[in-house]
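Report on the following structure.
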Amino acid sequence: MSKIKSLDELKKIRESAEKSFNLRATSEDDDRVVLRVGMATCGIASGARETMNTLINELSKENITNVSVTQTGCMGYCEEEPIVEVIFPDKPSVVYAHVDEARAKEIVQKHLKEGILLENAIMNKSFDRVKE
Amino acid sequence: MSYSMHLLVCGGTGCQASESAKLLENLREQIKANGMEDQVQALVTGCFGFCEKGPIVKVYPDNVFYVQVTPEDAKEIVEEHVVKGRRVERLLYEEPTLEVKLAEHKQMPFYKKQYRIALRNCGFIDPENIEEYIASDGYMALGKVLTEMKPMDVVNEMKKSGLRGRGGGGFPTGMKWEFATKYDSDVKYIVCNADEGDPGAFMDRSILEGDPHSVLEAMAIAGYAIGANHGFIYIRAEYPLAIARLKIAMDQAMEYGLLGENILGTGFGFTIELKYGAGAFVCGEETALIHSIEGERGEPTTKPPFPAESGIWGKPTVVNNVETLANIPIIITKGADWFSSIGSEKSKGTKVFALAGKINNVGLVEVPMGTTLREIIFEIGGGIKNGKKFKAVQTGGPSGGCITEENLDIPIDYESLTAIGSMMGSGGMIVLDEDDCMVNIAKFYLEFTVEESCGKCTPCRIGNKRLHEILTKITEGKGTPEDLVNLNELGKIIKDTSLCGLGQTAPNPVLSTLKYFRDEYEAHVNEGKCIAGVCQAMLQYTILEEKCIGCTACAKVCPVNCIAGEPKGVHVIDQSRCIKCGACYDRCKFDAIIKK
């Protein structure tokens, strides 16, 4: 490491260091958007891990910082895996089925950036959950 | 490379004592075994404050907060949570009153009323990695100060913020700096007082362990403001982890050019040196601390001259406490107006308190000034252990006093605590319940100050010793009503005539307990009774005839064989031989033995 010689250089280091750090800062933010990837055995077998990595890479490429990509267990629709749930604060969540790498990119580009839902990929099945 | 998940493991002294280092190692091993080392990062961080439930593991981005995690739990956390996205329910915090498991720290009563400014990075960044500090705006305040502000602007900003010394005295930081600017000198010094001496207080240690760079940055800012190019951190040698983290931080800051010569190309230079204290309580007093740095005996001298005029080797010196310094960078970046909007009228910002004693949630809490003791003890602290009755809270350590139930709703700040006979001190808070004898508590604190008195001035050296003798006499059941008069009178004289803060405040625990718990003192001297059942000389253990079933357990455990009785017959204690050890009392399963 060579010495930092100006405030601008320090700011540059902050920018690059921030990338990995945003994961934590965003998590503490109440207004964050959450992308939940089904990551049970069925999900992983149908490529959920690749889907998740694609989402993360795409977000970082687009410099979108207010989104947390998290994982969850089995959602019960194993044949529809990989499943990704998009949760905007104060909005009903949207669940997408068969999210491969191409569809993952589309979710970031369309749904997150432009606010347009991917109508053909939405899973219409629904269920009630036991409230805690 | 970007990670999709971070596992933060508390690396504070408390959690490390519960094997958090081994836990971190196991987590890393498990992550590797699952082939996820490119996606999941496990790292060490500073104190989360919830020491009662340590070791803590926090999972990002899921924001899940695991408590009391053992090294053996690493496998389950990785295989279940990291790989499959399923939370490990059994490691979540369970709210005791509602009996529900809470996953996120924000839901916990312990964190709800807290506002973390000084502890902002503790439990959030890796203290051993300067880039994490920079990522959370670290050294931006120093950059701003050096490029946009004149030294006097910095002093004025501090004055405007209303920040006051967090080490105990509560002296306005900006004014302290301003005094130092008024003396022309080629050499000036900044000293960080990390000689945290109050029993039970550990906020300074936690800040240094969890966010060392914030202290280094603040010292450089202070140096720029008063025209100093060199600083000392006076730290207790008993803080090995804090020292190790500081050394790493100082090396990294030098390497990055954020300390040393010509910082950020502005021509300003600042270097820092560590000085180890041997653990004398009086060295927390600034003049004693300065003498200790000079290699002299750690004894205080009269003020004036104040260190701002004549400190280390006669040069103008500013001494600031760790917690005070940790507030400074964020005051610069967010502005004095932001800071002064928090807190009470005369005390701005927040204060970190170390909760200890008979309280459910032992740990570090940071709350805005003006929060009430009731909120701290009963909401954040979770109330008294084992459902016992609250008796008092001792604040300010050996220099402070006891606060009773009737004052629990006073919004706390420097002035209000002094008004009720205690003080802010460094923020130690020992909670006492019905089983604590107040005379004995006063004696305990005085024992500490007598031991720590440097002996230079007579009132402190001899006066406190006499106070201690009178208290010992009372707890041994030999006290007289006259002793209470003497305690009060002598205590006040010591306060008025001692040389430094140690002696001036040493009688506080006696005077405040005498004021608020006079009935207990009187019971001791008039009736020969210790209401709480603590003072052994006044205790008597007796066996209740109607409850004793003659199991012989008490007789077997008695170390002096003074309990007699046939099996299945009522037992009797021979009072003349009883040493009042309490072994029989603890042993009896039938509540047949009482002490009073």
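Under a Cβ-Cβ limit of 4.7 Å, which cysteines in chain A have nobody to pair with?
So far as the 4.7 Å Cβ criterion goes, A:74 stand without a partner in chain A.
Residues of the stretch A:7-42 with accessible area at least 50 Å² lower in the all-protein-chain context than alone (1.4 Å probe)?
Those residues are A:7, A:10, A:14, A:21, A:23, A:24, A:27, A:28.
Note down the net charge around residue B:175, summing +1 for each Lys or Arg and -1 for each Asp or Glu among other residues with Cβ under 12 Å from its Cβ.
In short, +4.
Residues with amide H under 5 Å of residue B:233's amide H, sequence separation 5 or more or different chain, H placed in the peptide plane at 1.01 Å from N; which?
The list, which skips near neighbours in sequence, is B:192, B:273, B:274, B:275.
Angle, helix A:7-27 long axis vs. longest principal axis of chain A, Cα atoms, 0 to 90°, nearest 10?
For helix A:7-27, the angle is close to 20 degrees.
Restricting to DSSP H runs of at least four residues, report the calculated mean residue ellipticity at 222 nm for chain B, -39500 (n - 2.57) per run over all residues, nearest 500 deg cm²/dmol. Write out the running numbers ahead of the final one.
Details: 22 runs with 202 residues, N = 596.
Taken over chain B, the calculation gives -9500 deg cm²/dmol.
How large is the accessible surface per residue of the stretch B:194-329, computed with a 1.4 Å probe and reported in Å² as a whole number? Show your work: numbers first, answer last.
Values: 3990 Å² over 136 residues.
Roughly 29 Å² per residue, with all protein chains present.
At most 15 other Cβ atoms within 10 Å and a DSSP loop assignment: could you name the GluC sites (Glu not before Pro) in the stretch B:308-395 that fit?
Filter output for the stretch B:308-395: B:345.
I want the antiparallel fraction of DSSP beta bridges within the stretch A:30-121, as a percent rounded to 5.
Roughly 55 percent of the DSSP beta bridges within the stretch A:30-121 come out antiparallel.
Do any residues of the stretch B:237-278 lose at least 40 Å² of accessible area when the full set of protein chains is present rather than just their chain alone, and if so which, with a 1.4 Å probe?
B:255, B:256, B:264
Please go through the residue pairs A:19/B:351; B:160/B:351; B:315/B:346 and name each one whose alpha carbons sit more than 20 Å apart in this structure.
A:19/B:351; B:315/B:346
Quick one: of the DSSP bridges fully inside the protein assembly as shown, what percent are antiparallel, nearest 5?
Working: 44 of 78 bridges.
For the protein assembly as shown, the DSSP antiparallel bridge percentage is about 55.
With an 8 Å cut-off on Cα pairs and a minimum separation of 6 or more residues, tell me the relative contact order of the stretch B:540-595 in percent.
46
Where does the charge balance sit around residue B:457 when Lys and Arg score +1, Asp and Glu -1, over other residues with C-beta under 15 Å from its C-beta? Please report the intermediate quantities before stating the final value.
Details: positive: B:297, B:303, B:456, B:461, B:465, B:466, B:495; negative: B:285, B:299, B:452, B:496.
Cβ neighbours under 15 Å give a net charge of +3.
Can you tell me which aspartates and glutamates have their Cα less than 12 Å from the Cα of residue B:388? Leave out same-chain residues fewer than eight positions away.
Residue B:388 reaches B:433, B:434, B:435, B:436.
Which value at 222 nm does chain A reach when only helices count, each DSSP H run of 4 or more adding -39,500 (n - 2.57), with the total divided by all residues and rounded to the nearest 500 deg cm²/dmol?
It lands at -10500 deg cm²/dmol.
Put +1 on the Cβ of every Lys and Arg and -1 on every Asp and Glu Cβ in the stretch A:30-121; which of A:98, A:67, A:120 then has its Cα farthest towards the positive end of the dipole?
A:67
Return the long-range amide H neighbours of residue B:401 (sequence gap of 5 or more, or a different chain), with a cut-off of under 5 Å between placed amide H atoms.
Under 5 Å from the amide H of residue B:401: B:395, B:423.
Dipole of chain B, Cα-centred, from +1 at each Lys and Arg C-beta and -1 at each Asp and Glu C-beta, to the nearest 20 debye?
1000
Sorting B:496, B:126 by accessible area (1.4 Å probe), largest first, what list results? Show your work: numbers first, answer last.
Working: B:496 130, B:126 25 Å².
Sorted descending by solvent-accessible area, the residues read B:496, B:126.
May I ask you to evaluate 6.51 cos²θ - 1.76 cosθ + 1.60, the Karplus curve with θ = phi - 60°, for each residue of the stretch B:496-509 and list the ³J(HN,Hα) values in order in whole Hz, giving x for glycine and proline?
6, 10, 6, 6, 10, x, 4, x, 5, 10, 4, x, 3, x
Determine the share of the stretch B:115-251's accessible area contributed by carbon and sulfur atoms, expressed in whole percent, with a 1.4 angstrom probe.
The C+S portion of the solvent-accessible surface of the stretch B:115-251 is 52 percent.
Using DSSP to define loop residues, name the GluC sites (Glu not before Pro) in the stretch B:505-567 whose beta-carbon has at most 10 other beta-carbon atoms within 10 Å.
Sparse-neighbourhood loop GluC sites (Glu not before Pro): B:545, B:546.
Net charge near residue B:445: determine it from the other residues with C-beta under 13 Å of the C-beta of residue B:445, scoring Lys and Arg +1 and Asp and Glu -1.
Working: positive: B:443; negative: B:198, B:436, B:447, B:451, B:452.
Cβ neighbours under 13 Å give a net charge of -4.
DSSP loop (so not H, G, I, E, B), at most 16 other Cβ within 10 Å: list which trypsin sites (Lys or Arg not before Pro) in the stretch B:342-372 pass both filters.
Sites meeting the loop and neighbour criteria: B:346.
Angle between the Cα long axis of helix A:48-61 and the longest principal axis of chain A, 0 to 90 degrees, nearest 10?
40
Computing the accessible area with a 1.4 Å probe over protein heavy atoms, can you report the carbon and sulfur percentage for the stretch B:448-520?
52
Could you go through the stretch B:419-430 in sequence order and give the Karplus-derived ³J(HN,Hα) for each residue, using 6.51 cos²θ - 1.76 cosθ + 1.60 with θ = phi - 60°, rounded to whole Hz, and x for Gly and Pro?
Calculated HN-Hα couplings, in order: 4, 9, x, 10, 7, 5, x, 8, x, x, 9, 9 Hz.
Enter the buried accessible area of the B/A pair, total of both sides, probe 1.4 Å, in Å² rounded to the nearest 100.
Working: alone 24550 and 8930 Å², together 30220 Å².
That pair of chains buries around 3300 Å² in total.
For chain B, give the share of DSSP beta bridges that are antiparallel, in percent and rounded to the nearest 5; count only bridges with both residues there.
55
Hey, in the GNM for chain A with a 10 angstrom Cα cutoff, which one of A:66, A:120, A:57 fluctuates hardest?
Residue with maximal mean-square fluctuation among A:66, A:120, A:57: A:120.
Tell me, what is the per residue accessible area of chain A in Å², probe radius 1.4 Å?
55
What residue among A:11, A:110, A:19 has the largest mean-square fluctuation in a Gaussian network model of chain A, using Cα springs under 10 Å?
Answer for the Gaussian network model of chain A: A:11.
With θ taken as phi - 60° and the coefficients 6.51, -1.76 and 1.60, list the Karplus ³J(HN,Hα) couplings across the stretch B:15-25 in order, rounded to whole Hz; mark glycine and proline as x.
Values per residue, Gly and Pro as x: 6, 5, 5, 9, 6, 5, 5, 5, 4, 4, 4 Hz.
Across peptide B:132-144, how many C-beta atoms of other chains are within 10 Å of each residue C-beta, on average? Write down the numbers at each step before the final one.
Working: counts 5, 2, 10, 12, 6, 2, 3, 5, 4, 0, 2, 8, 1.
Per-residue shielding by partner chains comes out at 5.
Compute the accessible area per residue over the stretch B:132-186, keeping the other protein chains in place, probe 1.4 Å, unit Å².
Roughly 41 Å² per residue, with all protein chains present.
At 1.4 Å probe size, with no ligands or nucleic acids counted, give the accessible surface of residue B:179 in Å², nearest ten.
My reading of the accessible area for residue B:179 is about 80 Å².
Assign unit charges at the C-beta atoms only (+1 for Lys and Arg, -1 for Asp and Glu), then state the dipole size of the stretch B:540-595 relative to its Cα centre in Debye, rounded to the nearest 20.
My answer is approximately 180 debye.
Need the C-alpha centroid separation for the stretch B:66-100 versus the stretch B:355-427, integer Å.
Cα centroid to Cα centroid, the span is 31 Å.
Would you mind working out the magnitude of the charge dipole of the stretch B:438-527 relative to its Cα centre, with +1 at each Lys and Arg C-beta and -1 at each Asp and Glu C-beta, to the nearest 20 Debye?
For this selection, approximately 360 debye.
The values are calculated or read from the model by the stated rules, or taken from the named source; none is laboratory data. What you see is a predicted model; the values in this text were computed from it and never measured. Glycine gets a Cβ as well: all are built from the backbone with ideal geometry, and neighbour counts include every protein chain shown. Ligands, DNA and RNA are stripped out before the accessible areas are found, and what is left, the full protein with its side chains, is counted by its heavy atoms. Shrake-Rupley method; radii C 1.70, N 1.55, O 1.52, S 1.80 Å.
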